[in-house]
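For reference, the structure discussed in these notes is given below.
The values are calculated or read from the model by the stated rules, or taken from the named source; none is laboratory data. Predicted model, so just to flag it, every value in this text is computed and none were measured. Heads up, the Cβs are rebuilt from the backbone with ideal geometry, glycines too, and the neighbour counts pull from every protein chain shown.
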Amino acid sequence: MRNHVLPSPSPLLDTRQAALYLALSETTLISWRSLGRGPRFVRVGRAVRYRQADLDAFMVIMPCEESQP
């Protein structure tokens, strides 16, 4: 019998922790979530959680708006 090693799961962060991680306000994340925007999230029961890997991926694909001079 072979032992299969599962990759360690990405840590789950609550909205406050995710906002701190992304340097955003909690209100922004809540608003984005209600609009279907922003990083992916999961529900654990009634609680909303963000996988750290999903936050990292979101930062890579998030469009950057450059200011005009």
| task | Only residues in region 1-26 that are closer than 11 Å to Arg51 by Cα count as the first member; pair them with residues that are assigned to a loop (DSSP other than H, G, I, E, B) and modelled with pLDDT under 90, Cβ under 8 angstrom, at least 6 apart or cross-chain, and list the lot. | result | none
| message | Can you pull out every residue in region 30-54 that is in a helix (DSSP H, G or I), touching a Lys or Arg at 6+ places or on another chain (Cβ under 9 Å) and in contact (Cβ under 8 Å) with a residue 12 or more places away in the chain? | response | Asp54
